[in-house]
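Structure first, commentary second.
Values in this text are rule-based calculations from the coordinates and carry no lab data. Bear in mind the structure is a predicted one, so any value in this text is a computation, not a measurement. Ideal geometry is used to build each Cβ from the backbone, glycine not excepted, and the neighbour counts take in all protein chains shown.
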Amino acid sequence: MNMQSFIAAGQKYGACTFRHVIWIATSVGISLTVTLPTRAASDAAVVTSWGRVSEPSSPPVCKQIQATLTPRNGSLDSVDSAALDSRPDQDRIQSAIDGCAAGQAVQLVKGTGDNSAFLSGPLQLKSGVTLWVDEGVTLFASRNPKDYDNGKGTCGVTTVANQDACSALISAKNTRASGVIGKGVIDGRGGSLLTSGANANLRSWWDLVYQKTLSNAYQQKPRLIQVSGGTDFVIHGLTLQNAPDFNIVTDGVTGVTVWGIKILTPSRVYTVEGYRCPIGSTPDQKTPGTCFTPETVKNT
């Protein structure tokens, strides 16, 4: 199913459930909202060829984790300018996931004051456990390529062959009844400068994307959510924005429910109203780009 079909299905049904392989690429310049019907939740269901699918319910919470970071104008770039500061929340989130029993969720919530942000590298979901990003909370992705490198040593650069060198921000492999839910935001920070490797402080993930339009090179960059194998995965209510690569990729999964999500790229952090970027600010005119449009990040 392509993005146009996904939008049409969302407008028609208010939800989408997929049984086979689905690639949801970044919908650049489109705020995609799958709107639920304005009726009782018990009636908000979709009748499919494999049965009736209802809006997913939220599991009980096994552990709440409070945010300790405060975004500035929707950005955390002031927090992790040094590569060593790239993933301060990863270990505590992963530890909570690992310690959570099946059928429960790890919930990311606001902390004291204006603390509403988490900053993490790759997270691995386990079977039966859900990651819940609460309303008003943003889970920001690390912009340090070394955090995502899966052993090939080329995450964050372009290569002559497609190496799949980067792990996703959130991965699930052969899980059952896991998911990512909530009314919060997951921000891939595609337009922020990288902080390690050959392109440190020289290019963003999206600058790498534009390089590909000029050559046959492959850009090595992370997806937001990767689900491989398993059954009954749920993505519900979230806003996914500024993905370096595809927002959601599922492969070989039986039963994927995607309900009420929004996809937005680029957000206002990386562009201006109406995408009216100043002359000389976009990656087709300079590197690194300082303002992005749908056209200059459309291959993510």
Residue span Thr254 to Ser58: 0.36 nm per residue of separation minus Cα-Cα distance leaves a gain in nm of 68.5 nm
Least to most buried among Asp232, Asp89, Asp114, by other C-beta atoms within 10 Å and fewest first, runs Asp114, Asp232, Asp89
If the label point sits 7 Å along Cα→Cβ of Lys298, residues of region 265-279 with amide N under 20 Å come out as 265-268, 270-279
Inter-part gap, Cα centre of region 239-283 to Cα centre of region 41-84, in whole angstrom, is 15
With a 20 Å threshold on alpha-carbon distance, the violating pairs from Lys146/Lys221; Lys63/Lys126; Lys126/Lys221; Lys146/Lys286 are Lys126/Lys221; Lys146/Lys286
So, with points 7 Å from each Cα along the Cβ direction, the Lys110-Ser281 label distance in nm works out to 3.0
Exposure proxy check on Glu55, Glu273, Glu135: fewest-to-most Cβ neighbours within 10 Å is Glu273, Glu135, Glu55
For Thr68, placing the label point 7 angstrom along Cα-to-beta-carbon and taking region 95-112, residues whose amide nitrogen sits under 16 Å are 95-96, 108-112
Under the 7 Å Cα-to-Cβ spin-label approximation, Ala102 and Ser215 lie apart by a distance in nanometres of 4.8
Exposure-ranked with fewest Cβ neighbours within 10 Å first, Lys262, Lys173 stand as Lys173, Lys262
